[in-house]
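A quick write-up on the structure given underneath.
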Amino acid sequence: MKDFSLDIYRKLLEALQRQGYELIGYADYLKAKSQERSAKRFVILRHDVDAKPLNSLMTAQIEHSLGAKATYYFRVGKESNNPSVVKAIVQLGHEIGYHYEDMSLCGGDVNQAWSHFRTWLDYFRQYYAVETICMHGAPTSKWDNKDLWKQFDYKTLGIIGEPYLDTDFSDVFYLTDTGRCWDGYRVSVRDKIPQYQDEWTKTGLTWHTTKQLLDAIEQGRLPKHVMMTTHPQRWTNSKGAWIKELVLQNMKNIVKKLWIRN
Ligand SMILES: [Zn+2]
């Protein structure tokens with residue numbers, strides 16, 4: 001079975017469910033009482049809709065058919081923000097959040113970024129009562145979008161959490177498909193959890209392909225509490241799109257490696 005296909009994505013979710021993991025959205029995690037949280041096995045399904053929103057509709061349908069819930073974070077640009085897709089994903093019972101990049105879009109002007117943030121939060125709230133937000137971490141941008149929170153507080157707007165800032169990573173293991181593999185944190189500038197990643201790597205919690213991850217799940221080697229971030233634009237069953245995504249990601253990883261060295 002091809003990696004990063006919708007077929008293997010479904011297999012991944014099914015394997016998690018067989019192992020007793022509940023598949024939940026980010027707001028569900030934040031709202032669960034700590035006692036409940038520690039007793040259960042769960043995987044927070046987080047999707048960053050960076051591009052190709054229609055692909056997100058495909059993963060959302062697969063999750064819905066399995067009784068799973070996920071959180072989809074949308075960007076403001078047309079490459080992500082497709083109102084029909086947002087509405088359809090809401091209909092499927094998932095959580096919607098704002099994939100913010102206001103600092104980058106406003107050239108680092110923090111007051112302008114705050115105003116831009118509020119405008120777009122209201123925009124997404126037309127479709128869903130957004131409670132969580134997540135930064136978009138473009139490796140090529142010189143701005144860290146989280147810097148907005150050095151001056152402002154999203155909690156004043158009824159936002160209850162941001163995955164990078166409000167997740168207890170001493171308890172929740174982090175997995176991401178950044179770089180179109182499961183160990184892309186090596187070449188990622190922003191999508192990683194620096195204080196815990198070394199520990200996880202040391203204890204062998206690292207896999208390259210989805211097949212390797214699947215085997216680990218089936219052997220009961222995955223920690224009890226997990227956040228799994230995927231970018232649905234990479235997950236496709238169409239052959240042409242699949243090859244394009246593979247070539248593009250390999251190129252990007254090479255560029256990122258060079259960029260980190262400098
Ligand atoms: Zn993103």
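Each reported figure results from applying straightforward, stated rules to the coordinates on display, with no laboratory input. Because the structure is a prediction, the values reported are computed rather than measured. Every residue, glycine among them, receives a Cβ derived from its backbone with ideal geometry; neighbour counts consider all protein chains shown.
Observations on the model:
- Here is how the number arises for the chain: DSSP H runs of 4 or more residues each give -39500 (n - 2.57), the sum is divided by the residue count, and the result at 222 nm is -12500 deg cm²/dmol.
- As a ratio to 2.2 N^0.38 Å, the alpha-carbon radius of gyration computed for segment 35-134 takes the value 1.16.
- A simple charge model with +1 on the Cβ of Lys and Arg, -1 on the Cβ of Asp and Glu and nothing else charged puts the dipole of segment 1-127 at about 420 debye relative to its Cα centre.
- GNM top mover of GLN195, GLN19, GLN212 - the chain, alpha-carbon springs below 10 Å: GLN195
- Using only side-chain charges placed at the Cβ, +1 for Lys and Arg and -1 for Asp and Glu, the dipole size of the chain relative to its Cα centre rounds to 580 debye.
- Longest to shortest principal axis, alpha-carbon extents of the chain, angstrom: 50, 44, 37
- Candidates GLN61, GLN17, GLN126, ranked by Gaussian network fluctuation over the chain, Cα under 10 Å, top entry: GLN126
- Difference of contour (0.36 nm per residue) and Cα-Cα distance, LYS40 to THR119: 24.7 nm
- Within segment 57-98, backbone nitrogen closer than 16 Å to the virtual label 7 Å beyond the Cα of ASN237 toward Cβ: 57-66
- Most fluctuating residue given options HIS47, HIS208, HIS99, as computed from a GNM of the chain linking Cα atoms under 10 Å: HIS208
- Label-to-label distance, VAL110 versus VAL189, with points set 7 angstrom from Cα along the beta-carbon direction: 2.1 nm.
- Ranking ILE24, SER170, PHE4 by how far each Cα lies toward the positive end of the dipole of the chain (charges on Cβ) leaves PHE4 at the top.
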